[in-house]
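The values are calculated or read from the model by the stated rules, or taken from the named source; none is laboratory data. Predicted model only: the values in this text are computed from it and were never measured. Glycine also receives a Cβ, built like all others from the backbone with ideal geometry; neighbour counts cover every protein chain displayed. Only protein heavy atoms, including side chains, enter the accessible area calculation; ligands, DNA and RNA are left aside. Shrake-Rupley method; radii C 1.70, N 1.55, O 1.52, S 1.80 Å.
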Amino acid sequence: MSRGVLQAVGLVRRYGGLTAVDHVDLVAPPGMITGLIGPNGAGKSTLFSLLTGVEQPDEGKVMLGTTDISKMRPDIRSRRGLVQTFQVPSLFPTLTVADNLLVGAENRRRDYAGGLLGLSAPGRGRTSRLAEGVLEKLGLAPKGPVTQVVEEVLESLGLSDVRDTIAGTLPTGALRLVEFARALCARPDILLLDEPASGLDAEETAKLSELLRRTAAEGVGILIVDHDVDLVFSVVDQVYAMVGGRVVASGDPQEVRGDPTVRSVYLAQAPLAAAASQPGEA
Amino acid sequence: MTSIDLALAGISLGAIAALSGIGLLVTYRTNGVLNLAQGGIATLVAYVFREMVVEWSLPKWLAAVIALCVLSPGIGLLLERLVFRPLARRRASAAESLVASLGVLVLTLGITAGIWGLGSRSDAPSIFPASSVRLFGDTRIGIDALVELLMVVVFAVALGLVAAKTAFGRQIRAVVDDRQLAELSGVPADKVAAAGWAAGTTMAGLTGVLLAPRFQLTPYGLTLLVLETFAVVVAARLASMPVAVLTALGISILQSELKQFTLHGDAGQVLTVLQSNLFIVALLVLLLAVPRLRELGGGDSGATASFSSRGAPPSGRVGAARTRQDYLGRLAGAGLLLAPLTFAPTDLRSAFMVPALGLIFLSMVIVTGYSGQLSLGVAGFAGLGALLSIKMANGDLFGLPAVPGIWAMFIGALLVAPVGFVTGYPAIRRRGLTLALTTFAVGAVVSRFVFEQPTFASGLYLDPLTLFGWELSDKAFYVFELFCLGLGLLVVRNLHQGRLGRALLAVRDHSGGAAAVGVDVRNLKLLAFTVSGVVAGLGGTLLVHSSYSFNADDFAPLQSLLWFTAVVVFGADSAVGAIVAAAFIVTIDVLAPDGTSTLAIGILALALGWMPGGLASAVRGMLRLLAQYLADSFVDPNQRAPRPVPVRISAVGHLPATTGITGSTGIPGIGSTLGAARAGHYARWPLSAAPATVPFSDARLTPFGAELVAMVHRYAASSRAVGVAVGVETSARAGVPSPAPPPDGGSFPGGGR
Amino acid sequence: MTTATAELRLADARAGYGTVEVLHGLDLAIPAGKVTALLGTNGAGKSTTLRVLAGLIPLRSGTLTWRGEDITRMSTVDRARRGLMLVPDERAVFATLSVRDNLQIIAETSGHPDITPALESFPRLRERLAQRAGSMSGGERRMLALARALLARPSVLMVDELSLGLSPKVAADLFGWLATVAASGTTVLLADQYTDQALAMADLVYVLHRGERSFVGTPAEFTHGAAATPA
């Protein structure tokens, strides 16, 4: 495990008298897909915010690899390899799809002052920034790895057609995919996906789950929160079920699915829905 | 005077501030709009009241009734109907409403200045007799203070009861929470909102009429006084009426109490300023101290994307194509800017202002247009740049040696950088409304404590500028200005392209999303504010050299509001728009009487409701429509399918232009199959973004028509439209049930499979 | 489908946002006392149709009649007060108001200022009366939205994407509740993506495709039609 493991240790978050997240422990290892399910109001979203750094825990800590990242801002966590997507896609609507991805790919470099002087060449490492800038201005610069990453991701996700489309004009399904692509461009160790399948239809969802497996196979750890039970159980390697701010069951998807608490609270008493989403059992 | 006497003297002003605060809260709590125009409306009503009493000799009571019971609520109803209802209807962001209220402010200022001039009047009538009542011993309190206090209590209690205890109060809260849902629930939202506006503007009018006799009546002076009472609503966190009232009285009494102290030296000077400016200091301190305003509507007031509609020039081939098209425009623009060199000397001197103002406007493009931060304190930066550079040239700055004028200008501008940086700090955590008020307060404090103080701003002199020993002639100075403007444009360009430009726009478009992929949101905001400060400082220096003197009024806090409005009107993210705005204002100021340019900007700002994205965007839209119209008229009508393409509404709130001519149904024999084949692909990825020109291979076009169509497509593709191909099922229109997609979405009928 | 029993009738309706037309001459007839399902993918125009029926978006051309009366120009408020009730897909409750106020408002405007029927249908809301609606979970907010609609005693109840963002169990509960409302004789119009729940409930199915009607018929015809086509 050379890549960082994401670990929540005894996380607690309270709002007034309500404990939204109550001593939660969670491990999302690299190369695996971890699911997080639970009924509405179980504390999934809060836990998610604690992991991404949008909110700070009252107790406990968040570890990435061997580093405690509990106090870090979201953008710092992201540069350390913890990249998230949002429930409502968070694309930059006025930029083209390619530029959206570029923003993600360029995330490891922050020397914005160079750009102010007009030297905003994509990072290539060895040559000095000044030389890079001059070369690029003259049109002599080879394509940098940043641009390459973007092109590869566009290619592999089948987004080349919308490369130059303004992101704000895309339909929901495509927005989700582009946001996912942008997150990939940031070269994450761990991907946090908040309801990636909401608003997608069956075909898009199928494609998404294939994409998730492919990504995990490349060694990226994925934590996924979603209502789509079918999606979650079909792709995850392990799953956590939350109820009332606590983790009530975790581990192998089939075991969690069979857990009595999970069945009663979340799955079992939904005859119609169960029939719709679990054709295998119907 | 004793402390008690001073306190009693302060009560009257405090009560007026409280009334103003109540008015602001009423408007905010019923409409979700922080009415920046409160000051402008107050001033307008005060002027009308004075006009009726002094010029028309109406009895005071009649004038008061007309001003407060007819005019003031009338203004509110009019504003609601014409300006804010349309905004609410399309669920405009809080930032848009803020700009609209700025537009109203600028408009009322323009009206007042246009009718009555900018001069001051000291004969504003008071509605109360100048007598007083004995409280105890020798302590007396004025009738005015008593009645004002009574009004505050009555209004506060009455409004509080309505809000908390009645069904109407509940409806008010519902309308503010979600106007559309309120209407769906049968609540007459328009009436509720109108009532809120009428009440708010009535309080504004009352504030103006009561304040006017206590000070010299000038359009800008009175407006600013009312704006300072925003401290009160900030203390109340935009919610609590009792807190607002108590804060108003507290600040006012404290300010009055300060009068019994005298200090010597620098401290004494600070004290003197505090004695009349405690409200503005309180505004800044409260904004920095109050953890979070209780903003309505989820606090989305940071979203400025609605009036900055464009993204960065796209990277890669599309961007390159567009750059080439832009050269012609740039050449024309440069030609126009050089034109004043051929003017008569006096006209040339008038034109001096254009590049100077242009630079100041560019600084706002950086902060607001590109990085999405509302900044209402630019006049402070500009003034500081001017002051620092003059002092440096005079050899008067911190004992530094005198520096030749031109170099002093650049050094002075650079010295503004730290101020911009520090102002940017609050911007890291603050957004929208809070940030706008904070930057405004910074500008106002700088103006009061620096520009208006003799220690800093007197004894300044401007030497003729020299470069390498040559004295600059008027023409040379203008060329030098253009050089500075060019520098500014270069900076703006660099901020708008490449990695930096993308990162800034990412912060503007979705700061959460930007942080999620590791963009350093904090440093980018600081960078934007710092660079903006320097550019504004340079502009301010040039402005002073254009008018040959440092005049504190040029950098008054209200200027910031006026300038900000102008920039938004001409397109907050358009560098060209900024320069056009500068030329527009200067030209009108030279040709027309006082207040005309203000009036024009105000009117344009209100028209923003109909043209999101500003003038620049409206012009772009017009061109596109025109081109489409032309193209349409060159296609054989039988071949045309003028059905607009359904495109998802973008998150920008500004609809993408669609090419209404990409329909494919008109093509004989293709329509139905194509439609069926497309059915399953719609809204699915990879997107079926077929080249929009395909359907036209079969259409009969005149050569010119074909060229035009191609142009439209090129333009549309390079600006923002997507060519989403249209497939329409003709069978459905004929009423025949067509095979519908099955529910699982896994297998679709049609040509592709 | 017979003309006589149509409660709501939309004829040749065109509507949209800004420069974009979303509905391109849509014809709909909603039978009285029945459940009609409006199906289609994202962007097919379902929400727009409902918003047109509720009066939130003006028609550019075409007419809307309600029990024979032309209400094309009637305001949203008047439609709501006369019993045409829309539960939108998002922002369906007043987030900053308490649950009680949420219920009270609609009870008062509809002239039956008693909120107990809602609490009887959704006992869970009783415990939450003093809570801010925005602090409730998505499922509870949805419940509150339906409870509000119930208090208005609508003659036509329109629900946009009932199941959106809900866990399967909650969605099933709410569909069950809606079935009882429909059984009591209220005309129901459901907009949804292709879901079994909506199909199972419906008496009549419309499928929208890009702002036009691509299918109308019974659920059985819909299912057979889908099955009959080569996959």
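Against the definition (modelled with pLDDT of 85 or more and closer than 24 Å to B:Phe352 by Cα), how does B:Tyr478 come out, yes or no? Here the answer is yes, as B:Tyr478 does meet what is asked. Could we say that C:Gly138 is surrounded by fewer than 21 Cβ atoms within 10 Å (Cβ to Cβ) and at the interface with another protein chain (Cβ under 7 Å from one of its Cβ atoms) here? Taking the combined requirement at face value, the residue satisfies it. In this entry, B:Phe483 is excluded by the filter for residues that are of a type in the set (Phe, Trp, Tyr), open to solvent by less than 20 Å² (accessible area, probe 1.4 Å) and either more than 30 Å from A:Thr169 (Cβ to Cβ) or touching a Ser or Thr at 6+ places or on another chain (Cβ under 6 Å) (or both). Considering only region B:232-242, I want to know if a residue exists there that is assigned to a helix (DSSP H, G or I) and over 30 Å from B:Gly424 (Cα atoms). Yes, region B:232-242 has at least one match. Does region C:62-77 contain at least one residue that is crowded, with 20+ Cβ neighbours inside 10 Å and in contact with a Phe, Trp or Tyr (Cβ under 9 Å, 6 or more places away or on another chain)? Among the residues of region C:62-77, not one is crowded, with 20+ Cβ neighbours inside 10 Å and in contact with a Phe, Trp or Tyr (Cβ under 9 Å, 6 or more places away or on another chain), which makes the answer no. Against the test of being more than 9 Å from chain A (Cβ to nearest Cβ) and more than 26 Å from B:Pro426 (Cβ to Cβ), the options B:Leu485, B:Leu562, B:Leu490 yield a single qualifying residue, B:Leu485. Being more than 20 Å from B:Ala37 (Cα to Cα), open to solvent by less than 10 Å² (accessible area, probe 1.4 Å) and within 14 Å of chain C (Cβ to nearest Cβ) is a property that B:Ala167 lacks. Quick check on B:Thr346: is it of a type in the set (Ser, Thr, Tyr), under 27 Å from B:Leu274 (Cβ atoms) and assigned to a helix (DSSP H, G or I)? Against the criterion (of a type in the set (Ser, Thr, Tyr), under 27 Å from B:Leu274 (Cβ atoms) and assigned to a helix (DSSP H, G or I)), B:Thr346 does not qualify.
Among the candidates A:Leu157, A:Leu175, the residue that is within 18 Å of the chain's Cα centre (by Cα) and either free of Cβ contacts under 8 Å to residues at least 12 places away in the same chain or closer than 23 Å to A:Met32 by Cα (or both) is uniquely A:Leu157.
The residue list A:Asp237, A:Asp226 contains one member that is of a type in the set (D, E, K, R) and open to solvent by 10 Å² or more (accessible area, probe 1.4 Å), which is A:Asp237. Out of curiosity, is B:Arg214 within 14 Å of another protein chain (Cβ to nearest Cβ) and not hydrophobic (A, V, I, L, M, F, W, C)? So B:Arg214 fails the test.
With the structure loaded, tell me whether C:Leu97 is touching a His at 6+ places or on another chain (Cβ under 9 Å), aliphatic (A, V, I, L, M), open to solvent by less than 50 Å² (accessible area, probe 1.4 Å) and within 10 Å of another protein chain (Cβ to nearest Cβ) or whether it fails that test. Judged against the criteria, C:Leu97 is not a match. Taking (1) within 14 Å of chain A (Cβ to nearest Cβ); (2) touching a Ser or Thr at 6+ places or on another chain (Cβ under 9 Å); (3) not basic (Lys, Arg) in turn, C:Ser121 satisfies each apart from (1).
Here A:Leu51 meets the list (1) more than 8 Å from every other protein chain (Cβ to nearest Cβ); (2) crowded, with 20+ Cβ neighbours inside 10 Å; (3) assigned to a strand (DSSP E or B) almost entirely, failing just condition (3).
Candidates B:Val590, B:Val576, B:Val535, B:Val568: the one that is buried (at least 21 other Cβ atoms within 10 Å of the Cβ), away from chain A (no Cβ under 14 Å) and in a helix (DSSP H, G or I) is B:Val568.
The condition of being open to solvent by 10 Å² or more (accessible area, probe 1.4 Å) and at the interface with chain A (Cβ under 9 Å from one of its Cβ atoms) holds for only one of C:Ala183, C:Ala172, that being C:Ala172. Taken over region C:8-27, the criterion of being surrounded by fewer than 16 Cβ atoms within 10 Å (Cβ to Cβ) and either under 16 Å from C:Leu38 (Cα atoms) or of a type in the set (Asp, Glu) (or both) is satisfied by C:Asp12 alone. In region B:115-145, how many residues are over 15 Å from B:Ile11 (Cα atoms), open to solvent by less than 50 Å² (accessible area, probe 1.4 Å) and not in a loop (DSSP other than H, G, I, E, B)? Here the count works out to 1. When B:Phe468 is tested against the conditions (1) surrounded by fewer than 18 Cβ atoms within 10 Å (Cβ to Cβ); (2) closer than 30 Å to A:Arg80 by Cα, the lone failure is (2).
Here B:Leu150 meets each of (1) away from chain C (no Cβ under 14 Å); (2) crowded, with 16+ Cβ neighbours inside 10 Å with one exception, condition (2).
In region B:1-102, counting only helices (runs of 4 or more DSSP H) that sit wholly within it, the ones holding 1 or more residues that are open to solvent by less than 40 Å² (accessible area, probe 1.4 Å), closer than 25 Å to B:Gly602 by Cβ and touching a Lys or Arg at 6+ places or on another chain (Cβ under 8 Å) span B:38-50, B:85-89.
Set side by side, the residues C:Leu28, C:Leu8, C:Leu53 differ, and just one is more than 9 Å from chain B (Cβ to nearest Cβ), more than 16 Å from C:Ala202 (Cβ to Cβ) and out of contact with any Asp or Glu (no Cβ under 7 Å at 6 or more places or on another chain), which is C:Leu53.
Just checking, does region C:211-223 include any residue being open to solvent by less than 10 Å² (accessible area, probe 1.4 Å), within 18 Å of the chain's Cα centre (by Cα) and more than 10 Å from every other protein chain (Cβ to nearest Cβ)? The answer is no; no qualifying residue exists. Can you spot a residue in region A:55-77 that is part of a strand (DSSP E or B), in contact (Cβ under 8 Å) with a residue 24 or more places away in the chain and either under 20 Å from A:Asp237 (Cα atoms) or touching a helix residue (DSSP H, G or I) at 6+ places or on another chain (Cβ under 8 Å) (or both)? Yes, there is a match, as at least one residue in region A:55-77 is part of a strand (DSSP E or B), in contact (Cβ under 8 Å) with a residue 24 or more places away in the chain and either under 20 Å from A:Asp237 (Cα atoms) or touching a helix residue (DSSP H, G or I) at 6+ places or on another chain (Cβ under 8 Å) (or both). Out of the residues in region B:179-193 meeting the condition of being farther than 15 Å from C:Glu108 by Cα and open to solvent by 10 Å² or more (accessible area, probe 1.4 Å), tell me which one is nearest to the other protein chains (Cβ to nearest Cβ). Among those that are farther than 15 Å from C:Glu108 by Cα and open to solvent by 10 Å² or more (accessible area, probe 1.4 Å), it is B:Gln180.
Within region C:71-94, which residues are facing chain B (nearest Cβ under 9 Å), of a type in the set (Gly, Ala, Ser) and over 18 Å from C:Arg141 (Cβ atoms)? Correct list: C:Ser75, C:Ala80.
Just one residue in the set B:Ala515, B:Ala582 is assigned to a helix (DSSP H, G or I) and within 14 Å of chain A (Cβ to nearest Cβ); that residue is B:Ala515. Quick one: B:Leu505 ticks every box in (1) buried (at least 24 other Cβ atoms within 10 Å of the Cβ); (2) more than 7 Å from every other protein chain (Cβ to nearest Cβ) except a single one, so which number is it? Going through the list (1) buried (at least 24 other Cβ atoms within 10 Å of the Cβ); (2) more than 7 Å from every other protein chain (Cβ to nearest Cβ), B:Leu505 breaks only (2).
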